[in-house]
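The values are calculated or read from the model by the stated rules, or taken from the named source; none is laboratory data. Keep in mind that this is a model prediction, so the values were computed, not measured. With ideal geometry, Cβ positions are generated from the backbone for all residues, glycine too; neighbour counts draw on all protein chains shown.
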Amino acid sequence: MKRGTYVLVQRTGFVPYFLSAWHDEEDTWDHLRSRALVLDGDTARRIQRALHAKNPFAPLPVEIESAT
C-alpha cells in the first residue's frame, strides 16, 4: 500500500461504518466518515489484522479505504 491516509470501513447492506476509535480491547464504529480515524497505511493494516484476528468469522470484513 502506498503512502497516504486511510480509514477502516465495514460495509453493511445500507450504511457503511467507519472505525472512529480503537483500543486493544474495544473498538467504536460510526456511520459518519467525518468522525473516522485517519491512519497511515501501516497502522491501518495492523489494526485491520487485529480486528480480523479478534473475530475471524465475521460476516462483514473490515476494509481499508483511502481517506481522500
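Within the set of pairs 6+ apart or on separate chains, which have a first residue in segment 36-61 that is more than 20 Å from Tyr6 (Cα to Cα) and at pLDDT below 90, a second that is hydrophobic (A, V, I, L, M, F, W, C) and surrounded by fewer than 18 Cβ atoms within 10 Å (Cβ to Cβ), and C-beta atoms under 6 Å apart?
Final answer for the pair search is none.
Pick from Ala44, Ala50, Ala21: which is part of a helix (DSSP H, G or I) and either exposed (fewer than 11 other Cβ atoms within 10 Å of the Cβ) or touching a Leu at 6+ places or on another chain (Cβ under 8 Å) (or both)?
Of the residues listed, the single one that is part of a helix (DSSP H, G or I) and either exposed (fewer than 11 other Cβ atoms within 10 Å of the Cβ) or touching a Leu at 6+ places or on another chain (Cβ under 8 Å) (or both) is Ala44.
Within the set of pairs 6 or more residues apart or between chains, which connect a residue that is outside any strand (DSSP E or B) inside segment 6-18 to a residue that is at pLDDT 95 or above and of a type in the set (A, V, I, L, M, F, W, C) with Cβ atoms less than 9 Å apart?
Partner pairs satisfying both residue conditions: Pro16/Val9.
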